[in-house]
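The values are calculated or read from the model by the stated rules, or taken from the named source; none is laboratory data. All figures in this text were calculated on a predicted structure; none of them were measured in a lab. Positions of Cβ are generated from backbone atoms using ideal geometry, with glycine treated the same way; all protein chains shown enter the neighbour counts. Just so you know, the surface numbers come from the protein's heavy atoms only, side chains and all, with ligands and any DNA or RNA stripped out. Shrake-Rupley method; radii C 1.70, N 1.55, O 1.52, S 1.80 Å.
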Amino acid sequence: MDYSSLARKYGTPLYVYDFNEIQKNFIALKEVFAARKSLVCFAIKANSNLSVLKFLSDLGSGFDCVSIGELRRALYVGAKSYKIIFSGVGKQDGELEFALKSDILLINLESEAEMLRLERIAQKLNKPARISIRVNPNVDAKTHPYISTGLNENKFGVNIETARKMYIYAKKSKFLNPVGIHFHIGSQLTDISPICDAAKIVSDLLRELRALEIDIKFFDVGGGIGIRYEDEKQIVLYDYAQGILKSLSGLDVTIVCEPGRFIAGAAGVFLTRVLYEKQNCGKRFVIVDGAMNDLIRPSLYGAHHAIEIIGASEGINLNEPDASEVNLGSRGEDQTSGSDADQKNLGGVNLAETSLCDVVGPICESGDFLAKGVSLPSLQSGDLLAIKSAGAYGFSMSSNYNTRCRAAEVAVYDGQDRLIRKRESFDELIALEKDLV
C-alpha cells in the first residue's frame, strides 16, 4: 500500500481501508461455519462507513445494529431486512416501532421492561415481533473491563433465570415470537475458552426452551474475536467454530455471529503527519496533526496501535525485529546505499538512534495521545506515520471536540483507491447551528 501517495492525494489525518483484507476476513469467518446454517452479521458500530457496509452487503453479509441510525444505514445500502438484527440496551419506542415496520430478522431484548414495551408496540401495530433475548452467562471474557459485557456487573442482558421467565412469557404472548437466543461476553477476545464456556451455558438453556416447545431457530454467539494490535495471540477460527458447534450437538439452529473488529480492524490504518518535536525537561513529544478526536482508543482504553514510519515510497514497522535494516526511503534527493551506516541513516532518519517519546495531537487535553512511551527515531516536520489496525472503532468513535473537522476516509480495492468520505469542512461542522444564532 502506497501510503505516501494516498496522503499526498487526500491529505491528513486520513483513514485508509484495504477492502481486499475486509473481504478475506469476511469469507474466512463465513467458511468456518460452512457445514451449518449460519449468518455473519457485521457489527456496524465498528465501522459504519456506507461504502464499507455496501461492500459487505454485496458479499452477503448481514448486519448487527445497536441504534436506529445504524439500522437505517444498513437499509440505505440495500441490506436484506431478513439479515438485520437490532440490539442495544436503550431502544426507544420510536426505534422499536421503526424496526418492526422494517420487518427485520429479529430484535434482541435486553430486559423484561423492554420486552413489555415491545409487546405493547407490536400490539398497537398488530404485528407480532420476532425476538431474541440476550442472556448474560456471567463468564469472564478476560478482556479490558470497558469492553467486557458478559458478567453480572455489566449492564447488558439478563441472567439465566430471568431469561427463562421472559421466554415463557413471550411464548404465551400473541405479539411476541421468540425465535432466537443471544449472548456476547466482550470484545477483543484472544482466548476461546470463555466463548466455549458461554456457548455451553446458553445452549443448555436452549435445550430447556426446546423441551418447553419454544422453537428457537437462531443461536447468536455475538462477536468479540480479537485481532493483533501488539503481541496478542489470535484465536484460530477453526477452533472457535468447533468449540461453538460442540456445544450445539444435536440442535438444529442457525448460528449467528456478529464480528466487527475481526473483519475491519486490521484492514485499516490512520495516517497522520508530524508537525514538530519538543522536549519538556527531558521528556520527548512527537506532535502530529491527528488527535484523540480522530482516534480515541489509546486515550479511552490505553490501547496500543503499532506505528509505521513512512518514507517516500517505503516504510519501516518499528514493532518488528531488525527494523533498523529496512530502507525508509528518502525525504529528498540525497539518498545513498551500500554501507551499514547508510542503511541506518536514510532520508534524515537515524534508525540507530531511537528514544522514548509520546506521540500526541493538538487537542487541549493531557489525555490526547496516540502512543505513549514508544521508541522512535528523531522525526521531522512532514514525516508520515501510519497508525496500524485502526479500521475498527477508529473513525466510528471520532468526534468534533475542539471544533476539529473529522478526517477523510479512503478505500483501496485491487490496487485502486477512492474517496469514501469527504473531509469535513468548517461550514458542514456548524451547519446545524449557524442559522440559529
Provide the per residue accessible area, probe 1.4 Å, for the chain, rounded to a whole number of square angstrom. 45
Can you list residues whose amide H is under 5 Å from Ser38's amide H, if they're 5+ apart or on another chain and H is modeled 1.01 Å from N? Ile255
If packing is taken as the average number of other Cβ atoms within 10 Å across a peptide's residues, how do 84-91, 385-392, 356-363 rank, most packed first? 385-392, 84-91, 356-363
Taking every DSSP bridge whose two residues both lie in region 172-309, the antiparallel percent to the nearest 5 is 45
In the structure shown, of Lys37/Lys101; Lys30/Lys217; Lys9/Lys388; Lys372/Lys434; Lys83/Lys171; Lys127/Lys217, the pairs separated by more than 29 angstrom at the C-alpha atoms are Lys372/Lys434
Per-residue counts of other Cβ atoms within 10 Å, averaged by peptide: what ranking do you get for 185-198, 411-424, 163-176, highest first? 185-198, 163-176, 411-424
Report, by chain and number, residues whose modeled amide H sits under 5 Å from the one on Phe218, excluding near sequence neighbours (fewer than 5 apart, same chain). Gly180, Ile181, Thr254
Figure the gain on full extension for Phe285 and Lys24 (residue separation times 0.36 nm, minus the Cα-Cα span) and round it to one decimal in nm. 90.2 nm
Spin-label model distance (nm) - Ile160 vs Asn400, 7 Å beyond Cα toward Cβ: 4.9
Which residues' amide hydrogens lie under 5 Å from the amide hydrogen of Ala129, considering only partners 5 or more residues apart or on another chain, with H built in the peptide plane? Leu176, Asn177
DSSP beta bridges in region 19-262: the antiparallel percent, rounded to 5, is 5
Would you mind getting me the FRET efficiency between Val437 and Ser102? Use the beta-carbon distance for r and R0 = 51 Å, nearest 0.05. 0.85
Can you give the calculated 222 nm mean residue ellipticity of the chain, where each DSSP H run of n ≥ 4 adds -39,500 (n - 2.57) and the sum is split over every residue, rounded to the nearest 500 deg cm²/dmol? -8500 deg cm²/dmol
Once neighbouring chains are kept in place and the probe is 1.4 Å, which whole percent of the accessible area of region 180-279 is contributed by carbon and sulfur? 50
Only bridges with both residues in the chain count here: give the DSSP antiparallel percent, nearest 5. 50
Report the one residue of Leu384, Val66, Tyr238 whose Cα lies farthest in the direction of the positive end of the charge dipole of the chain (charges on C-beta: Lys and Arg +1, Asp and Glu -1; origin at the Cα centre). Val66
Quick one, which of (1) 7; (2) 35; (3) 20 is the actual percent of Cα pairs over 43 Å apart calculated for this model? (3)
Report ³J(HN,Hα) in whole Hz for each residue of region 255-261, in order, from the Karplus equation J = 6.51 cos²θ - 1.76 cosθ + 1.60 where θ = phi - 60°; Gly and Pro get x. 7, 10, 10, 10, x, x, 4
Only Cα pairs within less than 10 Å get springs; with that Gaussian network setup on the chain, which residue of Ala407, Ala113, Ala303 has the largest fluctuation? Ala113
